[in-house]
Amino acid sequence: MDTLQLSGCGTALVTPFNADGSVDENTLHSLVHWQIESGIRLIVVCGSTGEASTLTDEETLAVARMAISTAASRASVFVGCTHNSTLEAVKRAKRIAKLSGVGGILTACPYYNKPSQEGMYLHFQAIALAVAPVPVLLYNVPSRTSSNLLPETVLRLSAIANIVGIKESSGNLGQIGDLLTTLPRGFRVFCGDDALTLPVIAAGGVGLISVASNAAPAMMNQMVDAALANDWPVARRIQRQTARFVREIFSEPSPGPIKAVLTAMGKIDGDTLRLPMTPVTFPTRRRLESTAGELGLLVNAPQTSENLRMF
């Protein structure tokens, strides 16, 4: 996949674990293959949905290699690389950048430190220069990092050749609108919140990096494609059909809910998470199964674009 054509629906993929907590390589292979068969052309591994903060460096590289190998150039694989020490982030990013076939790096604002805008600018600049020409997607998610990357700082960073876009998860439509009106043409703004997909694309965003698409890849992909093609009746219809499901998968800390859905679907063998993350409560599990059932996700048939013509 040509990174210069980076757009559409991407999946922030879960990391499946065995019952003993080790990475389930066979299931990871199956998930990546299914995502691509369902139309997904951008896969992000080892992000927050992939429980990156509890993966070792060796596991991160192993997961990235497996995803890249399975994708086999059918999809672009970006690998999460976030740390609150710039030196450590640069070291890890360099290791990821050396992986053959990697599409790029997704890196979030430094967490805990609460740096200034200048500190974040210099942090991202150091990462980008260290891995050039490998593409870098910024990731702004203040709810997790306590740092908000402002539009004026993103504008400065957009001048660095291999910083190609941003996953915006601030939830602030005014801020996202400022990004889209001030950034140069060609800089890619991805929505990072499933629930805000349509307004962000309507304002000029290039797509979505989704949690919901872990379980409903073809459906979310079709919604995003319809919005990008200005087919708003179709996009809105799918958004209405998936709205309750999207609310439920964030009703407890992610990725617990989406792993519960994937377990109910038989896509992963048990929703094992690594502490401090824990499986969802029983009431939440019942609601998740109900909403997934309403979307037809619990039927033992592959969900592909072909069987979604009803949308």
Lone unmet requirement of (1) in contact with a Pro (Cβ under 9 Å, 6 or more places away or on another chain); (2) within 18 Å of Thr107 (Cβ to Cβ); (3) touching a residue at least 24 places away in the same chain (Cβ under 8 Å) for Ile160: (1)
Those residues of the range 168-227 which are within 15 Å of the chain's Cα centre (by Cα), among the polar types (S, T, N, Q) and part of a helix (DSSP H, G or I), in sequence order: Thr197, Ser213, Asn214, Asn221
Every pair of residues 6+ apart whose Cβ atoms lie under 6 Å, when the first sits in the range 281-299 and is under 10 Å from Phe245 (Cβ atoms) and free of Cβ contacts under 8 Å to residues at least 60 places away in the same chain while the second is aromatic (Phe, Trp, Tyr) and surrounded by 14 or more Cβ atoms within 10 Å (Cβ to Cβ): Thr291/Phe245
Residues satisfying the stated conditions in the range 35-92, i.e. under 15 Å from Pro135 (Cβ atoms) and in a helix (DSSP H, G or I): Ala64, Ile68
First in the range 231-254 and among the hydroxyl-bearing types (Ser, Thr, Tyr), second anywhere and assigned to a helix (DSSP H, G or I), Cβ under 7 Å, 6 or more apart: Thr242/Ala212; Thr242/Met219; Ser251/Pro257; Ser251/Thr284
Selection status of Thr82, closer than 20 Å to Leu262 by Cα and not small (Gly, Ala, Ser): no
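Against the condition of a type in the set (Phe, Trp, Tyr) and assigned to a loop (DSSP other than H, G, I, E, B), how does Tyr121 come out, does it pass?
No.
The numbers here are math on the coordinates, done by the rules we state, and not lab data. Quick caveat, the model's predicted, so the values are computed rather than measured. Quick reminder, even Gly has a Cβ in these numbers, built from the backbone with ideal geometry, and neighbours come from all protein chains shown.
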